[in-house]
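The values are calculated or read from the model by the stated rules, or taken from the named source; none is laboratory data. Treat the numbers as computed from the prediction; the structure is a model and nothing was measured. Virtual Cβ from ideal backbone geometry, glycine too; neighbours counted across all protein chains shown.
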């Protein structure tokens, strides 16, 4: 059965590290659900690793609902977080709640995630008041990366670090049950993690966060456009996939596939059909 919010928070209290991975389709979610992953994030990163966009910005709510629904079908007993895409919560509290409800009702998500600090605290609070659990996201926020100077480490100076800590506390006060820290100096992530009662989930934020998340396509070596510094590739599937496809193409061309064992034979005499 899926973990509850209370169980996830209790993992921090017990010092048990939380594992989280992205998932975008039913087949992969089904495989990963057998491996003990604590939470799945249906990330708007699907825009880059699945849909072929150059950023997460073009991803729509319909895209997210489509993929989150597939992940729920593949992992019916897992805790699933839906990533609120750009434009789904920046246009007011009413739209934020409406779109949050879509994740819960249409896709079966257990929670939603959104980017930003104090500026979205009211949105977080309104979602929580509406019965929607919320995960925050600070540091490098891909939806507004252009405002941050690109995909760079955040919180490198004392002023921005202090602001990030204030943002984290504001999100916790607003009712967020956990918080992603992306591309944050390890020392700062440790301070933020120690200052909060809710779990932090790091991605490029060091080992002292309460949990970790990676994009599964990065972790399995399937996305080759670029490899972030914080990614550890546990497998290299892209070369294996290419080799398998090349072998298939070769065997189709030389006639060795399909062989007799891939065909069907029955007792019917079809010779009378020949002209």
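Numerical summary
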quantity	calculated
Candidates 171, 138, 181 - the one that is farther than 24 Å from residue 58 by Cα, modelled with pLDDT of 95 or more, crowded, with 23+ Cβ neighbours inside 10 Å and in contact with a strand residue (DSSP E or B) (Cβ under 8 Å, 6 or more places away or on another chain)	171
Residue match in the stretch 162-185 (condition: in contact with a helix residue (DSSP H, G or I) (Cβ under 7 Å, 6 or more places away or on another chain) and in contact (Cβ under 8 Å) with a residue 60 or more places away in the chain)	yes
Residue within the stretch 259-274 that is assigned to a helix (DSSP H, G or I) and either under 30 Å from residue 206 (Cα atoms) or within 24 Å of the chain's Cα centre (by Cα) (or both) present	no
Count of residues meeting criterion [out of contact with any helix residue (DSSP H, G or I) (no Cβ under 9 Å at 6 or more places or on another chain) and loosely packed, with under 10 Cβ neighbours inside 10 Å] in the stretch 227-243	1
Some residue of the stretch 32-46 being out of contact with any strand residue (DSSP E or B) (no Cβ under 9 Å at 6 or more places or on another chain) and outside any loop (DSSP other than H, G, I, E, B)	no
Complete set of residues in the stretch 190-203 that are in contact (Cβ under 8 Å) with a residue 24 or more places away in the chain, surrounded by fewer than 21 Cβ atoms within 10 Å (Cβ to Cβ) and out of contact with any helix residue (DSSP H, G or I) (no Cβ under 6 Å at 6 or more places or on another chain)	191, 195, 197
Residue, nearest to the chain's Cα centre (by Cα), within the stretch 57-68, restricted to residues that are modelled with pLDDT of 95 or more and closer than 21 Å to residue 140 by Cα	64
Where residue 53 falls short, out of the listed (1) without any contact (Cβ under 8 Å) to a residue 60 or more places away in the chain; (2) within 15 Å of residue 223 (Cα to Cα); (3) in contact with a helix residue (DSSP H, G or I) (Cβ under 7 Å, 6 or more places away or on another chain); (4) outside any loop (DSSP other than H, G, I, E, B)	(4)
Unique residue being surrounded by 18 or more Cβ atoms within 10 Å (Cβ to Cβ), over 14 Å from the mean Cα position of the chain (by Cα) and touching a residue at least 24 places away in the same chain (Cβ under 8 Å) when the list is 124, 128	124
Contacts under 6 angstrom Cβ, first residue in the stretch 76-97 being closer than 13 Å to residue 60 by Cα, partner modelled with pLDDT under 95, 6 or more apart	86/57; 86/143
Condition broken by residue 66, with the remaining ones in (1) touching a residue at least 60 places away in the same chain (Cβ under 8 Å); (2) farther than 23 Å from residue 198 by Cα satisfied	(1)
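Yes/no matrix, rows are residues, columns are (1) surrounded by 16 or more Cβ atoms within 10 Å (Cβ to Cβ); (2) part of a helix (DSSP H, G or I); (3) within 16 Å of the chain's Cα centre (by Cα); (4) at pLDDT below 95:
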| residue | (1), (2), (3), (4) |
| --- | --- |
| 11 | yes, yes, no, no |
| 16 | no, no, no, no |
| 20 | yes, no, yes, no |
| 24 | yes, no, yes, no |
| 29 | yes, yes, yes, no |
| 70 | yes, yes, yes, no |
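The rows are residues; the columns are (1) part of a loop (DSSP other than H, G, I, E, B); (2) touching a residue at least 12 places away in the same chain (Cβ under 8 Å); (3) in contact with a strand residue (DSSP E or B) (Cβ under 6 Å, 6 or more places away or on another chain).
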residue	(1), (2), (3)
188	no, yes, no
205	yes, yes, yes
217	no, yes, no
228	yes, yes, no
241	no, yes, no
244	no, no, no
247	no, no, no
